[in-house]
Amino acid sequence: MIVSTELIQNIDQLSTKELAWLSGYCWAKSKVDGLQSFSADLDQVSTATATTTRTVTILSASQTGNANRVAERLHESLQSLPVRLQHYRLGDYKNKQITEEDIVIFVSSTQGEGEFPEEAISFSKYLFGKRAPNLEHLSFAVVGLGDSSYPLFCEASKKWDERLEALGAKRLLPRLDNDVDYEDSVTQWQEQLHACLSELLHNETPAVSSPAVQITPASKTYDRTRPYLAELIQKQKITARQANKNTLHIEIDLGDSGIQYSPGDSLGILPTNNTDLVQDFLALFDFKPEALVQLKSGQSLPLIEALTHHVELTQNSVALVKKWAQISQHPELIALVEHPEKAQHYASVTPLYAMIQAYPATIDPQQWFAFLRPLSPRMYSIASAQAEVGAEVHITLGVVEYTHQQKHYRGVCSDYLCAQLEEGDTLPIFIEPNPRFRLPHDPNTPIIMIGAGTGIAPYRAFMQQREQDQAQGRAWLIFGNQKFTDDFLYQSEWQRWHQLGFLHKASLAWSRQNPQQKVYVQDKIRAESAELWQWLSQGAHVYVCGDANQMAKEVEQALLHVIAHEGQLNSEQSEQYLDELRDNGRYQRDVY
């Protein structure tokens, strides 16, 4: 038998752990392929071992990366069990493979109004469709990640849990629904899962794991737990002075960090709260800034530092309204939370500070700190391609600001970037990969880019990359905002790409240019129906970026209208056509 030199060299580079896995793989492979040179006794031992191996498959569906990270943690925590472990992102999972699974752990976030994450849409349609399989052979558990500031908290995980049971699957553990502060609850649950599986496997013979298709987490120098301290090198207003919206272009220097990203990825920023707002809360309760409070980690910090760096002060939610009603015991607030719709409306229009001011209560610093939600990173679609900008990363910031009862408020990251930081200052950042929002591998493939407002950001990255690649594929931008004169973001760059031949068509929708006629991107899609169908028929990839609750839904309905009308298909056939585009990576969305 001759073994290639290249194979030997590759084997020499493997670690001890990798060599152990490979030996098990080769043994199993030789049995499958019919290698008969071992004794019958060894055959019997091998067969007995193989039949006792159970398979645990972890399926993650993530919008911002949290669910995938939790899945990786679960995968790591189960390594000591005598099982075959697999981890798939649902976007990479073949739907019908669920019928062959043994034990499945679902880890899912929720997006929009209780909807499944983008990468789970295809699988959810299969599982909830007419042809859903019988899963009586399957054991399962579900972990949900959500944000209690939204009314349909962890709704996607609830749907997974109920549907799996309805299809006959057996629940291993009660569903775990996590809020934004999920570290401790996930740790406790994974211990319960380990104990549950250990008991399930107690009477089974340990076996060498068979080869599994796994996601191996890429080594990250920087992430949300270890951010890179980058330099802010430019912030520039890119809407007109008189515009209703304030939109900024932000440029950040990555220095010698070695950070890499791709067009379609997101940038995470860890902001700090506004000093004046922190002082307002301290004054509201008459707290001393130096009063010590304890973090969940056990670390003690002065209250002013804890409020500045560790908790949300700008976001209210129904959950907080309910908790404050219990704390304050104010009859009006108690009556309000008894009506879910009224409570939701109140939380959406009333800042946290205004609520506490209207319904005061006596509370100590530790109780106040514990009442608040952890401060989360803010995510932004990256608006640059490294092939163009090198060791920089750019984003497009739509400034969130409003006035309530004569007090001015900004979103926490809007304030952080607008008011707290100047050019030359540093800020903690990390990259969040988005493998489900990528340019076609073939630069000759046509692309259709649909977005509104700051949803234009990733398309700037796309076009920078296409220019660097000298892509020959046609590009069509369908973009909407309020006014052409005020809100055509990166206008000169789009004009330049058109002149150079990289942008072939632009359809622009202005909702406030003409008070008599509001035009949105979905209107442009319908108006360009015939040509859009022609592009689709020629293999174009379609991208949608922006608001998940309204714009993305309206755009999808417009696309279905085009498919049905131009393709002469009924409603069910049109849905199937769009699903096929999604499954083939030709319909990708980055919505939030």
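The values are calculated or read from the model by the stated rules, or taken from the named source; none is laboratory data. Because the structure is a prediction, the values reported are computed rather than measured. Reconstructed Cβ throughout: ideal geometry from the backbone, glycine too, with neighbour counts over all protein chains shown.
Things to note:
- Yes/no for I334 being assigned to a loop (DSSP other than H, G, I, E, B), touching a helix residue (DSSP H, G or I) at 6+ places or on another chain (Cβ under 7 Å), β-branched (V, I, T) and farther than 19 Å from I238 by Cα: no
- Residue match in the stretch 541-553 (condition: over 28 Å from the mean Cα position of the chain (by Cα) and either closer than 27 Å to Y380 by Cβ or modelled with pLDDT of 95 or more (or both)): no
- Residue pairs meeting the criteria (Cβ under 6 Å; at least 6 apart or on separate chains; first assigned by TED's automatic domain parsing to the domain that holds R163 and in a strand (DSSP E or B), in the stretch 86-109; second of a type in the set (S, T, N, Q) and modelled with pLDDT of 90 or more): Q86/T57; R89/S60; I103/S139; V104/T57; V107/S60; S108/S157
- Spans of helices (runs of 4 or more DSSP H) in the stretch 373-492 with at least 2 residues at pLDDT 95 or above and not assigned by TED's automatic domain parsing to the domain that holds C545: 386-389, 412-415
- Which listed residue is in a helix (DSSP H, G or I), touching a residue at least 24 places away in the same chain (Cβ under 8 Å) and surrounded by fewer than 16 Cβ atoms within 10 Å (Cβ to Cβ), from D276, D280: D280
- Residue in the stretch 505-515 that is closer than 25 Å to T454 by Cα, within 24 Å of the chain's Cα centre (by Cα), surrounded by 17 or more Cβ atoms within 10 Å (Cβ to Cβ) and aromatic (F, W, Y) present: no
Quick grid of which residues meet (1) in a loop (DSSP other than H, G, I, E, B); (2) among the polar types (S, T, N, Q); (3) touching a residue at least 40 places away in the same chain (Cβ under 8 Å); (4) at negative phi:
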{"residue": "A319", "(1), (2), (3), (4)": "no, no, yes, yes"}
{"residue": "H345", "(1), (2), (3), (4)": "no, no, no, yes"}
{"residue": "M355", "(1), (2), (3), (4)": "no, no, no, yes"}
{"residue": "P360", "(1), (2), (3), (4)": "yes, no, yes, yes"}
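- Any hit, the stretch 165-177, residues being acidic (D, E), assigned by TED's automatic domain parsing to the domain that holds Q63 and touching a residue at least 60 places away in the same chain (Cβ under 8 Å): no
- Cβ pairs under 7 Å, 6+ apart, first in the stretch 222-237 and farther than 16 Å from Q420 by Cβ, second of a type in the set (G, A, S) and part of a loop (DSSP other than H, G, I, E, B): Y222/S257; Y228/S257
- Once the stretch 157-185 is narrowed to residues that are part of a helix (DSSP H, G or I) and at pLDDT below 90, the residue that is surrounded by the fewest Cβ atoms within 10 Å (Cβ to Cβ) is D184.
- Filtered residues of the stretch 94-105 (kept if over 11 Å from V56 (Cα atoms) and crowded, with 21+ Cβ neighbours inside 10 Å): I98
- Residue check for Y416: surrounded by 19 or more Cβ atoms within 10 Å (Cβ to Cβ) and more than 28 Å from T272 (Cα to Cα): no
- Qualifying residue in the stretch 366-381 (condition: in contact with a strand residue (DSSP E or B) (Cβ under 7 Å, 6 or more places away or on another chain) and either free of Cβ contacts under 8 Å to residues at least 40 places away in the same chain or more than 28 Å from K322 (Cα to Cα) (or both)): yes
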